[in-house]
1. Yes or no: F56 of a type in the set (F, W, Y) and without any contact (Cβ under 8 Å) to a residue 60 or more places away in the chain?
2. All but one of (1) in contact with a Pro (Cβ under 7 Å, 6 or more places away or on another chain); (2) of a type in the set (A, V, I, L, M, F, W, C); (3) under 18 Å from N48 (Cβ atoms) hold for L148, so report the exception by its number.
3. D185: out of contact with any helix residue (DSSP H, G or I) (no Cβ under 8 Å at 6 or more places or on another chain) and not small (G, A, S), yes or no?
4. Any residue at all in segment 99-109 that's without any contact (Cβ under 8 Å) to a residue 12 or more places away in the chain and of a type in the set (D, E, K, R)?
5. Quick one: in segment 147-202, of everything that is more than 26 Å from the chain's Cα centre (by Cα) and polar (S, T, N, Q), which residue is nearest to V61 (Cα to Cα)?
6. In segment 182-201, what residues are surrounded by 15 or more Cβ atoms within 10 Å (Cβ to Cβ) and over 19 Å from V143 (Cα atoms)?
7. Checking the condition over 30 Å from V231 (Cα atoms), modelled with pLDDT of 95 or more and not β-branched (V, I, T), which residue from L15, L29 passes?
8. Please count how many residues of segment 230-276 are at pLDDT 95 or above and either among the polar types (S, T, N, Q) or in contact with a strand residue (DSSP E or B) (Cβ under 6 Å, 6 or more places away or on another chain) (or both).
Amino acid sequence: MSHHHHHPNEPVHWLKILFDTCSVSALFLTFHLIKHFIKPFKSSFYCNDFSVNMPFRPSTVTNFHLILISLVLPFLVIISTEIFKALHIKSQMKKKSTIFIYKVNFFSKILQFPEQIGNLYINCGSFFFGLVATAVITDFGKVIVGRLRPNFMDVCKPDVNPYTQLCHNRTYLEPGIDFKCTALDPANVDESRLSFPSGHSSLSFYSMIYLILFINYTWKCRRFGLIPRLVQINLLIIAIYTALSRISDNKHHPTDVLAGSCLGILISLTSFYYLTDYIKNSSLKSKYSSLVVNTYDEENLPHFIKDNNNFAISDIDHNYNNNYNI
């Protein structure tokens, strides 16, 4: 996942794989520490703020659904793409043998894996690292801000009506100080203080934008027609639906959803750009510069454009195994 271009046959040091695993595990651990051990900041609300006085509603997109959307679906797409590509290349080459490309330098031995394993390691690893990073940043934001969810009053069940009984001589109230919550489970009250930013929005947008980019750079087969575009639109709809459902479920304010969505998109773009090598490989810079050079040489221009089109929709992307910095 580094910036240096490796020759596809150059072995990868086993320490790299160890450090990759440790990095992802460290992020994962951080996520659990924040979630279970840091109490949300005790924020206040203005007396004229009725946006935290909405009824409690169950989630339309549950946590289980969220795991399916942001973890299971992306892994299925990445793995099935790799399998399809392997079968497609095999049928093109009409050969029985697998080409071993991914080599791991393990002490004095060199372990060899099929290139598909190397591609899966990079793709799934990059995706998962970004996903856990999104979860960590989102949850860190939640506990630092401690914004009250729209359903806060309904969950808290205050001992007095704060709006009518406490508001004549003050502009804001602090739950737990100015009035007590009578809810049986204090954990639910804490959960109702984690409004900003929305985790459903950040995780679903992260995953769907990542998949949209992944499909854009891997589903290059000409005969697919507009199918990849159709899939991409549907993925975007899933992310938008997930995010907007949080507003109608009274779980989040619109600004929480907006912030979560932007966060997910941003981390998705950075993960895809820096951790996989797709974008550098299609090398817009070199196409652009060769176009500039070729415009002066009119004889070569049609030839160049023709080549460029063939490259853009090639049936098999033979560069696939060099698509990464492993």
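The values are calculated or read from the model by the stated rules, or taken from the named source; none is laboratory data. Being a predicted model, the structure only gives us computed values, none of them experimental. Note that we place each Cβ from the backbone using ideal geometry, even for glycine, and neighbour counts take in every protein chain shown.
1. No; evaluated as a whole, the condition is false for this residue.
2. L148 satisfies every listed condition except (1).
3. So D185 passes the test.
4. Yes: segment 99-109 contains one or more residues that are without any contact (Cβ under 8 Å) to a residue 12 or more places away in the chain and of a type in the set (D, E, K, R).
5. Applying the filter and picking the extreme gives N151.
6. Selection gives A183 alone.
7. None of the others qualify; the one that does is L29.
8. Residues meeting the conditions: 11.
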